[in-house]
Amino acid sequence: GYTISNLCLDGEAMGLFSWVKGSHFKNMKIVNAHTKDNHRTEENNSAKLPGNGGSTAAFVGYGEDCSFENCSATVNFKSSNSATGGLIGSVVLKNEKYSLMKNCHVSGTITGSGYTGGLVGNISTSLSDGEYMPAHTITVENCSADVEIVIFTTSIESACVGGLIGKSFGVKIVNCHTKGSINV
């Protein structure tokens with residue numbers, strides 16, 4: 001029921017928690033989560049380049065088997081990390097049937113590269129042998145994002161971007177909506 005305000009993030013796996021496993025976040029609110037501008041530039045070239053690792057989000061940079069209920073964040077992110085999302089940068093779930101997010105909301109501005117989404121940058125599942133595969137029946141329910149997303153990349157093929165989720169396969173989205181703009 002408390003609010004965390006003015007959270008400044010700087011690094012590769014960035015969030016209130018940079019890495020979590022088996023955690024449930026409930027009734028939490030983060031206001032004005034922002035990043036130091038960690039865009040990397042090539043020497044003698046002013047072009048912004050996509051990151052080669054790390055994740056950025058208000059709550060969790062990288063998570064395994066975590067879930068969110070009644071959580072919200074206002075964000076202003078500028079990140080060259082590989083995955084950027086409002087609540088979770090990148091999440092791996094070991095169970096294919098999983099309620100990832102319910103009654104959550106994100107608003108603000110996200111500038112990133114790679115996998116970028118208003119709620120989550122990247123969602124995948126892990127098999128028992130350690131191989132990764134696309135998520136199949138992960139549920140995101142009654143969630144929304146009101147975000148302005150700007151993507152910079154040297155190759156359009158390397159950007160996966162969405163108002164709710166940047167990259168995933170087979171996520172079940174129920175009663176969710178997004179508004180804002182996406183510029184690549």
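Quick one: Asn38 ticks every box in (1) surrounded by fewer than 20 Cβ atoms within 10 Å (Cβ to Cβ); (2) at pLDDT 60 or above; (3) of a type in the set (S, T, N, Q) bar one, so which box is it?
Among (1) surrounded by fewer than 20 Cβ atoms within 10 Å (Cβ to Cβ); (2) at pLDDT 60 or above; (3) of a type in the set (S, T, N, Q), Asn38 violates only (2).
Give the number of residues within the range 92-109 that are surrounded by fewer than 24 Cβ atoms within 10 Å (Cβ to Cβ) and either modelled with pLDDT of 95 or more or not aliphatic (A, V, I, L, M) (or both). Can you show your working first?
Start the filter on the range 92-109 by keeping residues that are surrounded by fewer than 24 Cβ atoms within 10 Å (Cβ to Cβ), which leaves 92-99, 102-103, 105, 107-109.
Keeping just the survivors that are either modelled with pLDDT of 95 or more or not aliphatic (A, V, I, L, M) (or both) gives 94-99, 102-103, 105, 107-109.
Qualifying residue count, the range 92-109: 12.
So which residues in the range 5-19 are in a strand (DSSP E or B) and over 15 Å from the mean Cα position of the chain (by Cα), if there are any at all? Even if it seems obvious, please write down each step before you answer.
Restricting attention to the range 5-19, the residues satisfying the condition of being in a strand (DSSP E or B) are 5, 8-9, 13-14, 17-19.
Those that are in a strand (DSSP E or B) and over 15 Å from the mean Cα position of the chain (by Cα): Ser5, Cys8.
Which residues, taken from the range 73-91, are open to solvent by 10 Å² or more (accessible area, probe 1.4 Å) and closer than 22 Å to Gly22 by Cβ?
Hit for the range 73-91 is Ser90, nothing else.
The values are calculated or read from the model by the stated rules, or taken from the named source; none is laboratory data. The structure presented is a predicted model; accordingly, all values stated were derived computationally and were not measured. Heads up, the Cβs are rebuilt from the backbone with ideal geometry, glycines too, and the neighbour counts pull from every protein chain shown. Remember, those area values only see protein heavy atoms, side chains included, never the ligands or the DNA or RNA. Shrake-Rupley method; radii C 1.70, N 1.55, O 1.52, S 1.80 Å.
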